[in-house]
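A quick write-up on the structure given underneath.
No value in this document is a laboratory result; all are computed from the given coordinates. Keep in mind that this is a model prediction, so the values were computed, not measured. Note that we place each Cβ from the backbone using ideal geometry, even for glycine, and neighbour counts take in every protein chain shown.
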Amino acid sequence: MIKFIVDEQPTEKGVHLIHNGDANCQAMPKYDDQILIGYFADFELAYKRARMNWPREKVEACTCCQA
């Protein structure tokens, strides 16, 4: 299972990035800005959960999720 988090702070375009918490991502948000989505087998499941939790927010994958 992979740990996925979402950045509480949106990008300039208003997008909250989803990160693979197990990857060594250079764009990982500060600890205080991380919201745990959960532990999932793949990004698609984490994305679905993020959309359920934050239906009005724009969420997208960080490059660390595109392995």
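Which of the residues that make up the range 36-59 are part of a strand (DSSP E or B) and surrounded by fewer than 14 Cβ atoms within 10 Å (Cβ to Cβ)?
Residues satisfying the conditions are L36, Y39, K58.
Before we move on, is A23 surrounded by 13 or more Cβ atoms within 10 Å (Cβ to Cβ), among the small types (G, A, S) and in a helix (DSSP H, G or I)?
When the stated conditions are applied, A23 does not pass them.
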